[in-house]
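Q: Here it is, the structure, as structure tokens.
The values are calculated or read from the model by the stated rules, or taken from the named source; none is laboratory data. This is a predicted model, so every value here is computed, not measured. Please note: Cβ atoms are built from the backbone with ideal geometry, for glycine as well, and neighbour counts cover all protein chains shown. Each accessible area value is taken on the protein alone, full model and side chains, heavy atoms only, with ligands, DNA and RNA left out. Shrake-Rupley method; radii C 1.70, N 1.55, O 1.52, S 1.80 Å.
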Amino acid sequence: VLAESLVVFAIVLSVHGAVWDRFSWCSLALALQAFYAQFKWDRLLRQGGAVFQFRGAATSGLLPASMVMPLLGIVLRERCRAAGIVRFERFGVVVCSAGMLLALFLSVLAVGITKPVPTNTCILTGVAGSVIIYTMKHSLAVSEVIEVLEVLLIFVYLSMILLYLLPRCFTPGEALLVLGGVSFVLNQLIKRSLNVVEGRGDPIDFFLLVAVVGLVLLGLFFTVLFLFMDSGTWISSLFFHMMTAVLGLGVIMPWLYRLIQRNPLFWLLQFLFQTQTRLYLLGYWTLLAASACGVVFYQNAKRSSESKKHQASTITRKYFHFIVVATYVPGLIYDRQLLHVAAVLCLAVFIFLEYVRYFRIKPFGQTLRHLLSLFLDERDSGPLILTHIYLLLGMSLPVWLFPRACAPKGTLAGAGGLVPYSGVLAVGVGDTIASVFGSTVGEIKWPGTKKTFEGTMTAIFAQIIAVALILIFDSSVNLNSSYAWILASVSLVSLLEAYTTQIDNLLLPLYLQIMFMA
């Protein structure tokens with residue numbers, strides 16, 4: 001925990017040194033109080049005194065999770081301020097403020113349920129909260145304050161519902177990241193739906209917002225419904241498919257039509273088949289998807305022939321990381337908008353299939369349970385299997401969160417040009433190489449972990465080689481003498497991978513993106 005905290009503090013100080021404004025000072029105060037509050041969460045988890053059942057065999061992860069949204073908002077605000085785009089500059093301020101408020105809420109919750117009340121942590125949380133609220137008071141407009149409070153309110157209700165319905169699926173830090181992100185997306189969708197201006201906004205962005213919110217609402221609806229009926233019968237399965245069609249065609253499609261002012265299905269088909277390059281990419285991705293399915297079927301056939309207790313090795317699971325890298329790199333080089341939309345569609349398919357597996361929906365629910373059980377690890381201790389969804393999110397979030405409006409036209413100068421590649425570098429290359437080499441040739445272990453020094457060093461070296469290859473094949477990237485910053489960013493994130501017990505597929509790309517944007 002101490003080593004993980006030191007790495008996070010180094011990243012916060014790096015961003016503070018690059019930006020140096022009132023919000024970066026607030027991020028330092030937030031990091032300091034989150035460092036103390038996470039020990040309270042860790043003690044609660046060990047003693048079983050937390051309000052909900054969180055994922056075991058992991059620390060609370062409050063500090064690394066608390067800093068993601070504030071730091072992302074800070075670097076987004078700075079980049080858009082430099083580009084002169086006021087609307088997105090203010091959006092960055094809202095992201096930063098909402099992230100700080102959500103992190104403070106979790107810290108106050110930990111302090112409030114700890115017995116006896118920790119006096120020092122209470123004082124530190126109060127001081128940090130006062131600094132942050134004072135800064136927000138002098139930086140946010142009234143409408144922005146309301147927006148931040150709306151995000152907090154949605155987060156509180158979502159946490160109460162989902163953490164109760166889905167025990168042992170998240171640590172407190174992962175809940176903050178996932179549910180905080182969903183809360184912010186839901187608030188943005190409501191805001192944009194109430195203030196639709198024809199022709200304003202990119203349909204691609206609306207597509208992401210509606211897909212995420214629609215899938216969450218679909219899951220909540222069926223979770224509540226199947227509390228009162230058996231989900232494994234043919235009648236329930238038929239009702240599931242019928243209601244999915246009704247909600248999709250009767251709610252989600254009209255909602256999307258209102259936002260983009262055109263038929264969503266026609267727009268999607270026109271978008272996907274617009275150019276010859278997109279047809280080639282779609283065909284190539286179809287082949288990769290078929291190969292991934294082939295790996296799943298082959299490993300399950302191998303399990304059947306050898307032993308029912310056979311589990312996929314670490315190297316076998318990393319096959320999917322290589323496939324994802326092969327998927328994302330051509331999309332990033334040739335057509336990022338297509339990759340953006342395809343990743344949203346893939347996320348929708350993954351979550352829908354997880355609903356089918358979780359609720360045992362016929363005819364494929366039980367089959368999916370059998371096929372995916374081979375690839376479970378200690379992080380899938382709850383009723384949901386989320387590691388493959390986290391892998392997709394880790395690769396896609398840098399693409400989705402890349403501020404296209406604030407990016408300069410043409411060549412992207414400096415480390416900022418590598419922002420869309422953050423997922424490929426951190427998860428696809430770094431995490432994969434660290435796991436493979438660490439498990440095969442690693443001997444010197446980092447203190448207190450199973451990760452090895454050889455794996456981390458090889459991961460850093462592999463990511464530097466990957467950056468060199470990106471420079472060769474992607475003419476839109478120009479590092480502009482920012483090599484030292486890139487090396488420092490890759491090294492810090494690789495050290496974070498060695499020490500964190502959180503879902504690295506989700507956490508590492510976000511921190512690498514923050515460093516590149518700073």
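Q: Toward the positive end of the charge dipole of the chain, about the Cα centre and with charges on Cβ (Lys, Arg +1; Asp, Glu -1), which of L281, F105, Q463 goes farthest?
A: Result: F105, furthest along the dipole toward the positive end.
Q: Could you pull out every residue, at least 5 positions away or on a different chain, whose amide H is within less than 5 Å of the one on T452? Hs are placed 1.01 Å off N in the peptide plane, and Pro or chain starts have none.
A: W446
Q: Ranked by accessible surface with a 1.4 Å probe, highest first, in what order do W25, W20, W285 come?
A: Result, largest first: W20, W25, W285.
Q: Now for a separate question. How big is the accessible area of W446 in square angstrom, nearest 10, if you roll a 1.4 angstrom probe over the protein chains?
A: Surface accessible to solvent at W446 totals approximately 50 Å².
Q: Same structure again: Mind checking the dipole of the range 141-299: about its Cα centre, +1 per Lys or Arg Cβ, -1 per Asp or Glu Cβ, Debye to the nearest 20?
A: Computed charge dipole of the range 141-299: roughly 300 debye.
Q: Name the long-range amide H neighbours of S60: under 5 Å, sequence gap of 5 or more, or other chain; modelled H, no Pro or chain starts.
A: D42
Q: From largest accessible area down, sort E147, E78, E443; use a 1.4 Å probe on the protein chains.
A: Descending order: E443, E78, E147.
Q: Sticking with this one: Under a Cβ-only charge scheme (Lys and Arg +1, Asp and Glu -1), can you give me the dipole magnitude of the chain about the Cα centre, in debye to the nearest 20?
A: Value, rounded to 20: 540 debye.
Q: Highest mean first, how do 366-373, 381-388 rank when packing is the count of other Cβ atoms within 10 Å averaged over residues? Walk me through the intermediate numbers first.
A: Details: 366-373: 15.0, 381-388: 17.9.
Ranking, from highest mean packing down: 381-388, 366-373.
Q: Estimate the FRET efficiency between V51 and S130 by the formula 1/(1 + (r/R0)^6), using the beta-carbon distance for r and 22 Å for R0, to the nearest 0.05.
A: Given R0 = 22 Å and the Cβ-Cβ separation, E is 0.30.
Q: Could you do me a favour and compute the accessible area per residue for the range 1-197, 1.4 Å probe, result in Å²?
A: I get 41 Å² per residue for this part.
Q: Separate question: Report the relative contact order of the range 62-173, percent, no decimals, based on alpha-carbon pairs under 8 angstrom and at least 6 residues apart.
A: Reported as a whole number, the value is 29 percent.
Q: Given a Förster distance of 30 Å, report the FRET efficiency between L345 and N120 from their Cβ-Cβ distance, rounded to the nearest 0.05. Working shown, then result.
A: Values: r = 49 Å, r/R0 = 1.65.
With R0 = 30 Å, the Cβ-Cβ based efficiency is 0.05.
Q: Shifting gears a bit: Across the chain, how many lysine pairs, 8 or more apart or on two chains, come within less than 24 Å at their alpha-carbon atoms?
A: 10
Q: For the residue pair L268 and F297, what label-to-label distance in nm results when each label sits 7 Å from Cα along the Cα-to-beta-carbon direction?
A: 2.5
Q: Can I ask one more? What are the residues whose amide H is under 5 Å from the amide H of V477, where those residues sit 5 or more places off or on another chain and H is modelled from the backbone?
A: Answer set, sorted by chain and number: L412.
Q: Can you send over the solvent-accessible area of S439, 1.4 Å probe, protein chains only, in Å² to the nearest 10?
A: Surface open to solvent at S439 totals about 70 Å².
Q: With an 8 Å Cα cut-off and a minimum separation of 6 or more residues, compute the relative contact order for the chain in percent.
A: Values: 646 pairs, mean separation 90.9, N = 518.
RCO, the chain: 18 percent.
Q: Turning to a different aspect of this structure: Mind jotting down a quarter of the surface of the convex hull over the alpha carbons of the range 1-197, in square nanometres, one decimal?
A: The directionally averaged projection comes out at 11.3 nm².
Q: Would you compute, from DSSP H runs of 4+ residues alone, the mean residue ellipticity of the chain at 222 nm, taking -39500 (n - 2.57) per run and dividing by the full residue count, rounded to the nearest 500?
A: Using -39500 (n - 2.57) per qualifying helix, the result is -24000 deg cm²/dmol.
Q: Quick one: pull the percent of accessible area on the chain belonging to carbon and sulfur, 1.4 Å probe, ligands and nucleic acids left out.
A: Numbers: 15780 of 23010 Å².
Roughly 69 percent of what the probe reaches on the chain is carbon or sulfur.
Q: Now for a separate question. Can you give me the relative contact order of the range 1-197 as a percent, contacts being Cα pairs under 8 Å and 6 or more apart?
A: Contact order relative to length: 27 percent.
Q: Once you measure Cβ to Cβ distances between cysteines in the chain, which Cys have no partner under 4.7 Å?
A: Cys with no partner Cβ under 4.7 Å: C26, C96, C122, C169, C293, C346.
Q: Could you compute how much accessible surface K115 exposes when probed at 1.4 Å, giving the result in Å² to the nearest 10?
A: Probe radius 1.4 Å; accessible area of K115 about 150 Å².
Q: Mind putting a number on the dipole of the range 1-197 about its Cα centre? Charges go on the C-beta only, +1 for Lys and Arg and -1 for Asp and Glu, and I need it in Debye to the nearest 20.
A: In debye, rounded to 20, the range 1-197 gives about 120.
Q: If a helix is a whole DSSP H run, which ones in the chain reach 18 Å or further along their own axis (Cα) and hold a mean Kyte-Doolittle hydropathy of at least 1.6?
A: 2-19, 86-113, 142-165, 203-225, 453-473
Q: Using 0.36 nm per residue of separation minus the Cα-Cα distance, give me the extension gain between T316 and L238 in nm, one decimal.
A: The T316-L238 span can extend by a further 24.5 nm.
Q: Write down the radius of gyration of the range 250-360 and its Dmax, each obtained from C-alpha positions, in Å.
A: For the range 250-360, the Cα radius of gyration and maximum Cα-Cα distance read 17.7, 56 Å.
Q: Taking R0 as 51 Å, what FRET efficiency do you get between Y284 and K137 from their Cβ-Cβ distance, rounded to the nearest 0.05?
A: The value I calculate is 0.45.
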